[in-house]
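Okay, structure first, notes after.
The values are calculated or read from the model by the stated rules, or taken from the named source; none is laboratory data. What you are looking at is a predicted structure, and each value in this text was computed from that prediction instead of being measured. Reconstructed Cβ throughout: ideal geometry from the backbone, glycine too, with neighbour counts over all protein chains shown. These accessible areas exclude ligands, DNA and RNA; they are computed on the full protein's heavy atoms, side chains included. Shrake-Rupley method; radii C 1.70, N 1.55, O 1.52, S 1.80 Å.
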Amino acid sequence: MVFLYDDREYTYADLLDAVSGSTAYCPFLRSKELFPFFVNMVKALAAGLPLTLVDSDINPSEIDGLDDSEVNVEKTFEARHFDSVDEVVAAVRKSPSQVTIFTSGTTGQPKKVVHGISTLTRSVRCGEKYAGQVWAFAYNPTHMAGIQVFFQAFVNQNTMVNVFGKSRDEVLRQIDDKRVTHISATPTFYRLLLPFERPYGHVARVTLGGEKSDARLYDAIHKIFPNAKINNVYASTEAGTLFAAKDDCFQIPLSIRDKIRVENNELLIHKSLLGTSEGFLFTNDFYHSGDLIEWVDEEAGLFRFKSRKNELINVGGYKVNPGEVEDAIMSLDGVRQVLVYGKSNSILGNVLCADVQKETGSPLTETDIKRALSARLQDFKIPRRIKFVDELSLTRTGKLKRS
């Protein structure tokens, strides 16, 4: 049974050999290779040991409390022998380990959050119906989304295929060659697969998360993966996965309806659903997520995400949601990807700007974009500066970088 494809093939037998009887692991492992990273994580969890997940390119100065002298230093522990992968999975699922992860730093300094196995595996589904799945591993393994894909595959002894950070052609080749059935990735990841030459009918499920999606992207995904069920998930470093959606409408499950509040359009989450962090600030045991929403059907718990609170841009006293402007630009023919942001201005506070990645051969001009936006948006929401770029900067988690 193949555990991981990452330049070479690693089996679950390889994983068992590496974990069983081991007496050393790194509490702070920095590794560019997935297999040793996962081996180290499984060792720690199976033994009930603390673990801090560190990005392979992290500079310890970026994170408060991380000492470079501790990174990649082994510590010993009492060996435990496992006769099967099933025994390893069982040990991991009941592990008392505390796992420290860091927020993506999309708009600021990464923050430390500590989780137990229960929150990290909240969304994991297991059983015979999940056997035989092949997952494209399209996230950074040190962050919440990557961790959850790992657990979903590991618990069911599925296969993972590393496509994180790979070129468009390589991703599509791996999806085809390894007969990938499940993909979970950011909307940015799927946009980078476009345009496509042919459909991939063997993909059974596509999941989006981490960023706002749009109807045009859903349509494109339906075409490239015509037999796939598409769903959208809301997950955060602080809480793990909480909600799922089939389109852009999320629904709060009845089981946690009393643990979710909305105040001033901001989503608040009860502390019982979160990991722990010194950076959490609570109001009557509720955490301010920073996510702004709009109700579709409040009684049914249906809502749409509008933006991150800290992403709103002050333009001449008006608060502009960059996501709204991006949606308007993305609706135009010839646009592959766009990033809207503010540049400091002494008069207006900020001048609204847009970096636009066009589809190959598109004749779209700055004037075309501004003319189209003028029919849809108020004047202060129209970017004053539009720049056409070959590519957009991404964070370590594969999302558009807004800072």
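Quick notes on this one:
Residues checked against (1) touching an Asp or Glu at 6+ places or on another chain (Cβ under 6 Å); (2) in contact (Cβ under 8 Å) with a residue 60 or more places away in the chain; (3) within 30 Å of D55 (Cα to Cα):
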position: I313; (1), (2), (3): no, no, yes
position: G323; (1), (2), (3): no, yes, yes
position: S331; (1), (2), (3): no, yes, no
position: K343; (1), (2), (3): no, no, yes
position: I347; (1), (2), (3): no, no, no
position: T365; (1), (2), (3): no, no, no
position: R376; (1), (2), (3): no, no, no
position: D379; (1), (2), (3): no, no, no
position: G398; (1), (2), (3): no, yes, yes
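- Test: F196 is of a type in the set (A, V, I, L, M, F, W, C) and either open to solvent by less than 40 Å² (accessible area, probe 1.4 Å) or free of Cβ contacts under 8 Å to residues at least 60 places away in the same chain (or both): yes
- The combined condition, being within 30 Å of A215 (Cβ to Cβ) and of a type in the set (D, E, K, R), is fulfilled by E263.
- Of the residues in the stretch 333-345, not one is in contact with a Phe, Trp or Tyr (Cβ under 9 Å, 6 or more places away or on another chain), hydroxyl-bearing (S, T, Y) and open to solvent by 70 Å² or more (accessible area, probe 1.4 Å).
- Selection from the stretch 199-233 of residues that are of a type outside the set (A, V, I, L, M, F, W, C) and at pLDDT below 80: G210, E211, K212, S213, D214
- Whenever a residue of the stretch 114-134 is within 10 Å of F151 (Cβ to Cβ), its partners that are open to solvent by 20 Å² or more (accessible area, probe 1.4 Å) and at pLDDT below 90, lying with C-beta atoms within less than 9 angstrom and at least six residues away or across chains, give the pairs R122/T241; S123/V233; S123/A235; S123/T241; S123/A244.
- Answer residue from the stretch 294-313, given it is touching a strand residue (DSSP E or B) at 6+ places or on another chain (Cβ under 8 Å) and under 21 Å from K401 (Cα atoms) and is modelled with the highest pLDDT among those: I313
- Residue in the stretch 16-30 that is hydroxyl-bearing (S, T, Y), assigned to a helix (DSSP H, G or I) and either open to solvent by 30 Å² or more (accessible area, probe 1.4 Å) or in contact with a Phe, Trp or Tyr (Cβ under 6 Å, 6 or more places away or on another chain) (or both) present: no
- Across the stretch 133-140, a minimum of one residue is classified as modelled with pLDDT of 90 or more, of a type in the set (S, T, Y) and either surrounded by fewer than 18 Cβ atoms within 10 Å (Cβ to Cβ) or closer than 29 Å to H202 by Cβ (or both).
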